[in-house]
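The values are calculated or read from the model by the stated rules, or taken from the named source; none is laboratory data. Since the model is a prediction, treat every value here as computed from it, not as a measurement. Virtual Cβ from ideal backbone geometry, glycine too; neighbours counted across all protein chains shown.
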């Protein structure tokens, strides 16, 4: 059994609990940093993809998990970042500078969208964002001069001072560029995560949580609801836009299909399976979502071998498995994989003293959100 | 093309949206959950009818096939509510949203497994025939859609006003806890509401498949029905129908008069406009939220 004996107020608000936890995170970061030397090209690509998804997940997590606003159309902001990145690079803005600028563009777009959306609560906001996600494809096709319309566009490799950031590691003698892009993603994700952690323990972050838990009591405490909601929406879209810019470089060539409604829904699945309202959740969800197709392929091949039959592809099986996973989690473990992890950890830490009721979900009647 | 002709076609389309929206509103009113799988339920019901009625399916008479499909879909929706949704009673609304989205995905997957992904169309006794009034051609399918919708809405209205179950549902939608106190079986009632909404979804699906083709991705039509429900006011039954009609009429008009691309966006643009101007929709009474 471990008990955190607090000796100063600083202990309460510092981003890590104790030196052990800090050690684990530093270790994780070191492992992530040397990963290019341990993994082959394909797995490194997958890892980069997972990092980008985690970043997009962090964006949605900030909105859904901490501001309490559900967005079913975050794919639209991902697209915002990706297309802005293309246009900025075409206008010969330096590649590195273009990434935060595209994020900023997505953020401002998001904040502008939030202004009317602010008047909506709960379900109406979900529907408005769902509509945004649904029309994103049509909008992309309509804005052809900037987006390449149906044909899509091709984004060339970015480079800064002759350091190329190409995800495809053509074996150039010095350093393989695939690593560079991975490290760039890692750097961005680390910065955003640190920023996120610090945001949560700032007054702004607490205001977000207050609004999430009860808008009326937050207003009574003197929190400017509209302002903070707009800020939350903008920040969330900023992070998602940065992820979109990185994604654009990652996939290279893309068109409107890369940002359909399914992407938005997948982002939502990501944060729900990972554990809503936690930073870990975004990473765990991205990891699961990234590994899932590989596992499905492996299982399919195994079954095919077992039955001795040849190719057995079932269209849409990925989504179905994800959906089933999601149903299982929502019903049995609404706090996601991270929630389960915390429960197991707490049980171990408290070992002989853990009580079954410790994490009991409180039963309640419907709290109405309806205006009446 | 004659604007009046566009209007008639739009009205028939709008009835389908309206029926779907009606399903959302029924569930929302009674349980305050939003069923994002409504479109997929529609698709599923339509496919069931299709395999019962079509010649290469069981080739049953049209009426019999539709009735069986409706009954099956009602049972399916009842069971869905009982096994999945009921467990989330009192949980945040967000969980139900995510759960129903996931259920929709599963339904779509199952439909794809059983019926394949090619668009199919329903063989109906009234396909291909039309009445002509001057320059306006009224397809039998359009007439059937409009008549069935009106009958169904009228029937629902009577159901809510005159039957015990309907009254109990009204009570539930006004105050669940109080309804529970006066002895209304709230849980069973919400299952029944789901069954009713499954029925309207199936009818919408049959009408939709009779007018065009249907494939597993048709469930995404539900999003347009959402727009309809929001335009009309999410808590209002007549509002849902009228919202559906608005969406249905605007679409072909925008397609005809506006540049390409705008017709897909038009329903959502109207929805966003309504949300900005009058967030609770055109037809609903607004008051303060209680803490």
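Here are some notes:
- Test: residue in region B:220-230 that is assigned to a helix (DSSP H, G or I) and either on the phi > 0 side of the Ramachandran plot or away from every other protein chain (no Cβ under 12 Å) (or both): no
- Inclusion of residue B:149 among residues that are outside any helix (DSSP H, G or I), surrounded by 15 or more Cβ atoms within 10 Å (Cβ to Cβ), in contact (Cβ under 8 Å) with a residue 12 or more places away in the chain and in contact with a helix residue (DSSP H, G or I) (Cβ under 7 Å, 6 or more places away or on another chain) is not warranted.
- Residue that is within 14 Å of another protein chain (Cβ to nearest Cβ), at pLDDT 85 or above and under 21 Å from residue A:339 (Cα atoms), where the choices are A:58, A:63, A:72: A:63
- Entirely in region A:1-98, the helices (runs of 4 or more DSSP H) that have 3 or more residues that are under 13 Å from the mean Cα position of the chain (by Cα): A:41-60, A:75-90
- None of B:195, B:178 is in contact with a helix residue (DSSP H, G or I) (Cβ under 7 Å, 6 or more places away or on another chain) and more than 24 Å from residue A:128 (Cα to Cα) except B:195.
- Counting the residues of region A:211-228 that are within 14 Å of chain B (Cβ to nearest Cβ), at pLDDT 90 or above and in a helix (DSSP H, G or I) gives 1.
- Restricting region B:233-270 to residues that are outside any helix (DSSP H, G or I) and without any contact (Cβ under 8 Å) to a residue 12 or more places away in the chain leaves a set whose member that is surrounded by the most Cβ atoms within 10 Å (Cβ to Cβ) is B:261.
- Some residue of region A:290-302 being at pLDDT 80 or above, surrounded by 12 or more Cβ atoms within 10 Å (Cβ to Cβ) and outside any helix (DSSP H, G or I): no
- Residues of region A:305-359 classified as within 14 Å of chain B (Cβ to nearest Cβ) and either part of a helix (DSSP H, G or I) or modelled with pLDDT of 80 or more (or both), total: 21
- Helices (runs of 4 or more DSSP H) enclosed by region B:8-126 - at least 3 residues per element that are more than 29 Å from residue A:127 (Cα to Cα) and touching a residue at least 40 places away in the same chain (Cβ under 8 Å): B:38-53, B:62-83
- Among (1) more than 10 Å from chain A (Cβ to nearest Cβ); (2) at pLDDT below 75, the one test that residue B:90 misses: (1)
- Among the residues of region A:116-129, those identified as within 9 Å of chain B (Cβ to nearest Cβ) and in contact (Cβ under 8 Å) with a residue 60 or more places away in the chain are A:117, A:121, A:122, A:123.
- Any hit, region B:95-108, residues being touching a helix residue (DSSP H, G or I) at 6+ places or on another chain (Cβ under 9 Å), within 9 Å of chain A (Cβ to nearest Cβ) and more than 21 Å from residue B:217 (Cα to Cα): yes
- Screening residue A:101 with (1) surrounded by 21 or more Cβ atoms within 10 Å (Cβ to Cβ); (2) more than 14 Å from chain B (Cβ to nearest Cβ) gives one miss only, at (1).
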